[in-house]
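Bear in mind these aren't lab numbers, they're just calculated from the coordinates by the rules spelled out. Quick caveat, the model's predicted, so the values are computed rather than measured. When we count neighbours, we look across all protein chains shown, and the Cβ atoms used for this are built from the backbone with ideal geometry, even at glycine.
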Amino acid sequence: MDFNCRNLTSRDRVLPTHNTYRTFADLCRHHPEGRDWRRVVQDRQSFVILVAPHGGNIEGGTSELATEIAGEELSLYCFEGLRPRGNQVLHLSSRRFDDPGCLCLLEATPVAVTIHGCAGSGPGVYVGGRHGELRVALVDALNQAGFPAIRDATGHSGTDPANICNRGASRRGVQLEITRGLRAEMFAGLRQAERRVTTPRFAAFVAAVHIVLRDHTLQVQRVTAHRD
């Protein structure tokens, strides 16, 4: 099916599966760091941080996207599943993702943008979170770049204050849920080795999101400078 923003609806969004663990500490008791998972952290003291809480082999392609969008300018946190199979057991819901290292970094950063993967064979992006201005800008930019995107209106739209995307200093962030179909278009495949090879769709998506975040940061800096 050929998707575009007119026939993409929140009803197409498949909701997350059951979570095995309720806290990060509980997950760590059963799965050692370095064997089953790892963290990638870059504190660049930026206005925006990119977060992939289900990266690596959990939701394939999300940590690669977060890393590339962050580039050398923005702070980054990725939790990456390393298991050869069964990585879904490492999925900790966004409202329960309480890694102290991640939360500490978020507290020092005004805005968080989280990158997630969801099911769906067609290309689509569901944009949620409590930061209305940034959410609208990302929906517009992604559609203009050829990526069907709509506001996420499901019960998992990232508007809960406890959601990891809203744990930055401003308590307003953005959640991008990217369908499996669209992520598959960005890589040679979604297996770990295949994700080392990206396509032009990957570069176009990264550019569209990065420009919005850069422009938003510059706008905030201008407003702050004017007030001073």
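Quick notes
- Nonlocal amide H pairs with residue 61, under 5 Å, H built at 1.01 Å: 56
- Spacing of the modelled spin labels on residue 170 and residue 133, each 7 Å from Cα toward Cβ, amounts to 0.6 nm.
- √(5λ) per eigenvalue of the Cα gyration tensor, the chain, largest first, Å: 24, 22, 17
- Extended-chain gain in nm, criterion 0.36 nm per residue less alpha-carbon gap, residue 85 and residue 191: 37.1 nm
- Length added when fully stretched, residue 144-residue 225, from 0.36 nm per residue minus Cα-Cα: 26.1 nm
- Where only DSSP H runs of four or more residues are counted, the chain gives -10000 deg cm²/dmol as its mean residue ellipticity at 222 nm, each run worth -39500 (n - 2.57).
- Net charge dipole size for the chain [Lys, Arg +1 and Asp, Glu -1 on Cβ; Debye, nearest 20]: 380 debye
- Contact order normalised by residue count of the chain, Cα under 8 Å, 6+ apart, percent: 23 percent
- Built amide H within the under 5 Å cut-off of residue 122, gap 5+: 181
- Phi to ³J(HN,Hα) by Karplus 6.51 cos²θ - 1.76 cosθ + 1.60 over segment 166-180, Hz, x for Gly, Pro: 9, 9, x, 4, 7, 6, 9, x, 10, 10, 10, 9, 10, 5, 4
- Amide H contacts under 5 Å for residue 187, placed H, 5+ residues apart: 199
- Burial ranking of peptide ranges 194-205, 131-142, 104-115 (average Cβ count within 10 Å, highest at the top): 104-115, 131-142, 194-205
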